[in-house]
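Enquirer: Here it is, the structure, as structure tokens.
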Amino acid sequence: MGTPQCITHEHQVLIIGAGGAGLRAAIEAASTGINVGVVCKSLLGKAHTVMAEGGMAASMGNVDDRDNWRVHFADTMRGGQYLNNWRMAEIHARQAGDRVRELEAWGAIFDRTRDGKILQRNFGGHKYPRLAHVGDRTGLEMIRTLQDHGIHQGIEFYMEFTVLEILMDGDRVAGAVGYDREKGRFHIWKAPAIVLATGGIGRAFKITSNSWEYTGDGHALAYRAGAELKDMEFVQFHPTGMVWPPSVRGILVTEGVRGEGGVLRNSQGRRFMFDDIPDLYKNQTASDPEEGWRYVIGDKDAQRPPELLTRDHVARCIVREIREGRGSPHGGVYLDIAWIKEKMRNSEAHIRKKLPSMYHQFKQLAGVDITKDAMEVGPTTHYAMGGVNVDGQTQMSTVKGLFACGEVAAGLHGANRLGGNSLSDLVVFGKLAGEHAVEWAKSHPNPTIDSSQVQSICRAALEPLERSGGESPYEVQARLQDMMQDKVGIVRKESEMAEAIEGIASLRRKAASASVPGNIEYNPGWHTAVDLHNLLVVSEAVARCALDRKESRGAHFRDDYPAKDEAHASHNTIVYRGADGAMVVERREIPAMPKELSDIIKEMG
Amino acid sequence: MSSKNDAKGKAANTRTVRFNIKRCDGPGQPSRWERFDVPVQSSSAGSGSANVISCLQWIAANPVTIEGRKTTPVSFDCGCLEEVCGACTMVINGQVRQSCSCLMDSCAPNDGDEVTLEPMSKFPVNRDLFVDRSRLFNDLERIRGWVPIDGTYDLGAGPRETPEQQQQRYKLSECMSCGCCLEACPQYTLEPDEKEWDHAFVGAAVISQTRYFNMHATGKELAKQRLDVMSGPGGVSDCGNAQNCVKVCPKEIPLTESIGSVGRQTTIHKIREFFMGR
């Protein structure tokens, strides 16, 4: 094989990812007149952000004027069990409102209050109604607005491209190398500043609400470039996702179904949630199905049905039923709202009115009429709180010139994320990352590209196409996803995670000898082989961090350490690539909060 | 489990559906047809039915034609898989639509039914069912589909807008640039040559976005420039009034209303220009 040819592009700031965070960073950078390039794996406007429904949290106080940034800050820290980067939580709470108003000025249509202001809705963990929203398609509106706004700013978009590696010039970034998915040609982007905005890692698990693009690319690119990852053990699972047909597996089924009286049953027809009610919640939970129903229809004296216990608990109960062989045919349990016909006349019309989008979703995507039949549901991987360790102010990682924002960055959400805080995260920190990337690029121009580094990256990428008889990358990927789901999923324990770490090592060897038939032009098998390297890095990071945190906190649950432990209350878990190439895990104390912030926590609890 | 399946009395609960797929190896390459037999599980209570995407995923894992020849997996684009992003739009049994929401129970309910998949014909094919929609973005730029704000002044608390006004614009903002309306339009034609894009008909989606931005408090600032484009070559007057667009829009956006509205706006714009100059 000869030397692969590369097409070279030059930008001052290169952004990887075109979801909410990437587009906001690009708009910010381009507004300074600087030359910006955006590389994305899919088409513009199709990034995962479009799937967000609930809304974006900002303490504008339009519905309840007691709300302000201090309350939002305290809520975010409490939700994150105080493992958050407090500076990011502060900046986010202070600036989210401005970012919402800015989106509106750029053309986003938010739902209104009667007197014409932006309407805000209640959401779990937020003390006051705080989520600015656009029906139940807030993410689509955000992407559309940012795309429309960015389209005329002279930003160069590279759609359907995959980035293989970050290029280094000594200890700072020099650019990136990747390929276009259509032709398979290699490209070099020379840039002194790079912003990672690649989203999450959901595809490391078998069942996820995340789109196919979420293979932890940014995490792995940063890690291989020498940056630190933080808090990777914290992965949020939603208890109810669709499980069948395969194309919809993982798609969210809103908590609203249970709020309206939906009950969970196993294959024997038993309402298993009544079998495991934590002591702490005993007196807040209905003692029988009758009381649970009275709660649903608004009886103030009744306690809530056990289906409405915290998300992580419900997810664990569902896992137990499935593991013990009482699951549904496609590996879930039954969520039944149709049963309320026993309790009310015209229940069908009632369900359609209260849950229009869920009715539509099941009807449209799976042909199930939820007013007549039960749904099959199971827990789904939803969000990664962990990610690239960044400076709270500048969003720069521990590698010079490498920035990260949005889901790929860690810090804002700590051990668990509140609903609504991710859309605001994207625009608040997208803007900051864009701003500081420009500053860095201006003061550190003209990095040098090392062409031998480029050549070895391209050659390595082509290897799967030149081999034959190796394992199929699809096969390796499927096994990795199964293993992560089973052993590093919702319920974790030492022995299983240790097995997973060994398993990952063996899959890595298989991935290294994987082979793909066909050529470089739009070859999905080859793309899978490339993504697989990234999935392996993030999977190992999740498993190692989870093994190290010997307690249960936030989204991280250990069967062998089911309680919180003070010893783990004030450190983050950091991983980075050691000198010998192996992954190093390190606990790092969280710096003390300045008094003005700790006073807020004291005041609000 | 359900009585429906018992009635059918088929133990395996599966039927075979034949997929006829129009394939193409790359831009400018000739196309060919390949056929695949896909086992489809009959839906049972609560479990849901397969859809076109899940069948394409099955084919990707088992890329063998009915002649028993091993071939490459069929390429297609997709994103959200819940009819929000529009990426998986293709022509299914002659109808343009999103494949993620096309249920096998509705398009091929019986054993032996056939399903024909083709890429949209109004965009250049990248590969198989995967098309290049760059022209759509070019046209949004052509009509200045944005709100002109340079960030140099304080936005303040933002404007007041009633829920009713919001609802009107809301419907138009639901467009996900999927391309269905363009595929169905007899006036919108395939234009592989980029140089022609600025003269060719923009189609319903882009006309509707023109209306949408002209309704926005600040977006209005560029209304004249938008209407200049709309009254020029490829503008609203190229619409042949076939009204196919509104029938195929998956979001039921009132596209013909938008075309009517932008038509009126351009007429007034031209009259004003005639009497008062630019």
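Enquirer: Quote the Stokes-Einstein diffusion coefficient, in whole µm² s⁻¹, for the stretch B:89-134, based on the Kirkwood radius over alpha carbon pairs, a temperature of 20 °C and a viscosity of 1.002 mPa s.
Expert: On the way: Rh = 11.4 Å.
The diffusion coefficient I find is 188 µm²/s.
Enquirer: Could you check how many percent of all C-alpha pairs in the stretch A:240-379 are farther apart than 17 Å? Walk me through the numbers on the way to the answer.
Expert: Values: 5602 of 9730 pairs.
Taking all Cα-Cα pairs of the stretch A:240-379, the fraction more than 17 Å apart is 58 percent.
Enquirer: Would you mind computing, in nm to one decimal, how far apart the modelled labels at A:ASP599 and A:ALA567 are, each placed 7 Å from Cα along Cα→Cβ?
Expert: Going from the A:ASP599 label point to the A:ALA567 one covers 3.6 nm.
Enquirer: Averaged across the residues of A:115-124, what count of C-beta atoms belonging to other chains lies within 10 Å of each residue's C-beta? Can you show the working numbers first?
Expert: Working: counts 3, 8, 5, 5, 2, 0, 0, 0, 0, 0.
Mean inter-chain Cβ contacts per residue within 10 Å come to 2.
Enquirer: I've got another one for you. Take the cross-link list A:LYS46/B:LYS247; A:LYS487/A:LYS564; A:LYS230/A:LYS493; A:LYS400/A:LYS493; B:LYS220/B:LYS270; B:LYS122/B:LYS251 and give me the ones stretching past 26 Å between alpha-carbons.
Expert: Working: A:LYS46/B:LYS247 23 Å; A:LYS487/A:LYS564 21 Å; A:LYS230/A:LYS493 20 Å; A:LYS400/A:LYS493 37 Å; B:LYS220/B:LYS270 17 Å; B:LYS122/B:LYS251 20 Å.
A:LYS400/A:LYS493, as the Cα separations exceed 26 Å there.
Enquirer: As a test of reading the structure, rank A:LEU44, A:LEU465 by solvent-accessible area (1.4 Å probe, protein chains only), most first. The partial results should precede the final answer.
Expert: Values: A:LEU44 5, A:LEU465 35 Å².
Output order, biggest surface exposure first: A:LEU465, A:LEU44.
Enquirer: I want to check the label-to-label distance for B:GLU196 and B:LYS247. Put each point 7 Å from Cα in the C-beta direction and report it in nm to one decimal.
Expert: Result: 2.6 nm between the two label points.
Enquirer: OK, next. Which whole number gives the average count of other chain Cβ atoms within 10 Å of the Cβ atoms across peptide B:156-162?
Expert: On the way: counts 2, 6, 13, 5, 6, 7, 5.
Partner Cβ neighbours, averaged per residue: 6.
Enquirer: Using the Cα centre as the reference, give the magnitude of the dipole from point charges on the C-beta atoms of the stretch B:108-258 (Lys, Arg: +1; Asp, Glu: -1; all else neutral), rounded to the nearest 20 debye.
Expert: Numbers: 16 positive and 24 negative charges, 127 e Å.
So the magnitude is around 600 debye.
Enquirer: What number in nm² do you get for the stretch B:2-130 if you take the convex hull of its Cα atoms and divide its surface by four? Don't skip to the end; give the middle numbers.
Expert: On the way: hull surface 33.3 nm².
Projected over every direction and averaged, the Cα hull of the stretch B:2-130 covers 8.3 nm².
Enquirer: Which of the residues in the stretch A:133-169 show a loss of at least 50 Å² in accessible area from their chain by itself to the complete set of protein chains, at a probe of 1.4 Å?
Expert: Residues meeting the cut-off: A:ARG137, A:LEU140, A:ARG144, A:ASP148, A:ILE151, A:HIS152.
Enquirer: Moving on to the next point. Ignoring ligands, DNA and RNA, what percent of the accessible area of the protein assembly as shown is carbon or sulfur (1.4 Å)?
Expert: For the protein assembly as shown, the apolar C and S fraction of the accessible surface comes to 49 percent.
Enquirer: Same structure, new question: For the stretch A:340-380, state which residues have at least 40 Å² less accessible area in the presence of all protein chains than in their chain by itself, taking the probe as 1.4 Å and leaving out ligands, DNA and RNA.
Expert: A:GLN364, A:LEU365
Enquirer: With a 1.4 Å probe on protein heavy atoms only, tell me which residues of the stretch A:189-228 lose at least 10 Å² of accessible surface in the complex relative to the chain by itself.
Expert: Residues meeting the cut-off: A:SER211, A:TRP212.
Enquirer: Let me ask something additional. Send over the semi-axes of the stretch A:1-66's equivalent ellipsoid, whole angstrom and largest first, taken as the square roots of 5 times the C-alpha gyration tensor eigenvalues.
Expert: On the way: eigenvalues 256, 58, 10 Å².
Its equivalent ellipsoid spans semi-axes of 36, 17, 7 Å.
Enquirer: When only the heavy atoms of the protein chains count and the probe is 1.4 Å, how do A:GLU463, A:GLU307 rank by accessible area, highest first? Working shown, then result.
Expert: Numbers: A:GLU463 80, A:GLU307 0 Å².
Final ranking, largest accessible area leading: A:GLU463, A:GLU307.
Enquirer: Another question, if that's okay. Apply 1/(1 + (r/R0)^6) to the Cβ-Cβ distance of B:GLU141 and B:ILE66, taking R0 = 51 Å, and write down the FRET efficiency to the nearest 0.05. Please report the intermediate quantities before stating the final value.
Expert: Numbers: r = 45 Å, r/R0 = 0.87.
My answer for the efficiency is 0.70.
Enquirer: How large is the Kirkwood hydrodynamic radius of chain A, in angstrom, based on all distinct alpha carbon pairs?
Expert: For chain A, inverting the mean 1/r across all distinct Cα pairs yields 24.8 Å.
Enquirer: Let me ask something additional. Residues of the stretch A:53-192: accessible area per residue at 1.4 Å, in Å²?
Expert: Numbers: 4030 Å² over 140 residues.
Each residue of the stretch A:53-192 exposes 29 Å² on average to a 1.4 Å probe.
Enquirer: Now for a separate question. Given a 1.4 Å probe, how much area per residue of the stretch B:178-278 is accessible, in Å²? Could you put the intermediate results ahead of the total?
Expert: On the way: 5060 Å² over 101 residues.
I get 50 Å² per residue for this part.
Enquirer: Per residue, how many Å² of accessible area does the stretch A:240-379 show with a 1.4 Å probe?
Expert: Values: 6250 Å² over 140 residues.
With the other protein chains kept in place, the stretch A:240-379 gives 45 Å² per residue.
Enquirer: Quickly rank B:55-67, A:389-401 as a protection proxy: mean count of other C-beta atoms within 10 Å, highest first.
Expert: Numbers: B:55-67: 16.9, A:389-401: 21.2.
By packing density, highest mean first, the sequence is A:389-401, B:55-67.
Enquirer: Can you check what the net charge comes to around A:ASP486, using other residues whose Cβ is under 12 Å from the Cβ of A:ASP486 (Lys, Arg +1; Asp, Glu -1)?
Expert: Working: positive: A:LYS206, A:ARG323, A:ARG479, A:LYS487, A:ARG492, A:LYS493; negative: A:ASP482, A:GLU496, A:GLU499.
Neighbourhood net charge equals +3.
Enquirer: What does the buried accessible surface come to for B and A, summed over both chains, with the probe at 1.4 Å? Round to 100 Å². Write out the running numbers ahead of the final one.
Expert: On the way: alone 14930 and 23660 Å², together 33330 Å².
So the buried area, both faces added, is about 5300 Å².
Enquirer: Counting residues in the stretch B:163-218 as N, plug N into 2.2 N^0.38 Å and put the Cα Rg over that result. Walk me through the intermediate numbers first.
Expert: Numbers: Rg = 13.7 Å, N = 56, 2.2 N^0.38 = 10.2 Å.
So the stretch B:163-218 has a normalised radius of gyration of 1.35.
Enquirer: I need the calculated FRET efficiency for the pair B:GLN168 and A:LYS442, taking r as the beta carbon distance and R₀ as 56 Å, to the nearest 0.05. Before the final figure, lay out each step's value.
Expert: Values: r = 44 Å, r/R0 = 0.79.
Computed FRET efficiency for B:GLN168 and A:LYS442: 0.80.
Enquirer: Another question, then. How long are the semi-axes of the equivalent ellipsoid of chain B, defined as square roots of 5 times the Cα gyration tensor eigenvalues? Whole Å, largest first. Intermediate results must be reported in sequence, preceding the final value.
Expert: On the way: eigenvalues 362, 100, 51 Å².
Its equivalent ellipsoid spans semi-axes of 43, 22, 16 Å.
Enquirer: Students often check this: by mean Cβ neighbours within 10 Å, which of A:87-96, B:140-149, A:262-271 ranks highest, and how do the rest follow? Don't jump to the answer; show the numbers that get you there.
Expert: Working: A:87-96: 22.9, B:140-149: 20.1, A:262-271: 18.5.
My ranking of the peptides, most packed first, is A:87-96, B:140-149, A:262-271.
Enquirer: Below 8 Å between Cα atoms, with a sequence gap of 6+, how large is the relative contact order for chain B in percent? It would help to have the intermediate numbers written out before the result.
Expert: Values: 445 pairs, mean separation 44.4, N = 278.
Answer for chain B is 16 percent.
Enquirer: Let me ask another. Say the dipole of the stretch A:240-379 comes from +1 at the beta carbon of Lys and Arg and -1 at that of Asp and Glu; which of A:ILE340, A:VAL243, A:ILE318 then lies farthest toward its positive end?
Expert: A:VAL243
Enquirer: If you stretched the chain out fully between A:LYS372 and A:MET344, how much longer would it get, using 0.36 nm times the residue separation minus the C-alpha to C-alpha distance?
Expert: Numbers: separation 28, 0.36 × 28 = 10.08 nm, distance 1.37 nm.
Here the answer is 8.7 nm.
Enquirer: Still on this model: In whole Å, what is the distance between the alpha-carbon centres of the stretch A:393-429 and the stretch A:461-481?
Expert: 32 Å
Enquirer: Dipole of the protein assembly as shown, Cα-centred, from +1 at each Lys and Arg C-beta and -1 at each Asp and Glu C-beta, to the nearest 20 debye? Don't skip to the answer; put the middle values down first.
Expert: Values: 105 positive and 113 negative charges, 233 e Å.
So the dipole magnitude of the protein assembly as shown works out to roughly 1120 debye.
Enquirer: Follow-up. Can you give the Rg/Rh ratio of the stretch A:451-569, where Rg is from the C-alpha atoms and Rh is the Kirkwood radius? Walk me through the intermediate numbers first.
Expert: Details: Rg = 17.5 Å, Rh = 15.8 Å.
Answer for the stretch A:451-569: 1.11.
The values are calculated or read from the model by the stated rules, or taken from the named source; none is laboratory data. Since the model is a prediction, treat every value here as computed from it, not as a measurement. Quick reminder, even Gly has a Cβ in these numbers, built from the backbone with ideal geometry, and neighbours come from all protein chains shown. For accessibility, only protein heavy atoms count, side chains too; no ligands or nucleic acids. Shrake-Rupley method; radii C 1.70, N 1.55, O 1.52, S 1.80 Å.
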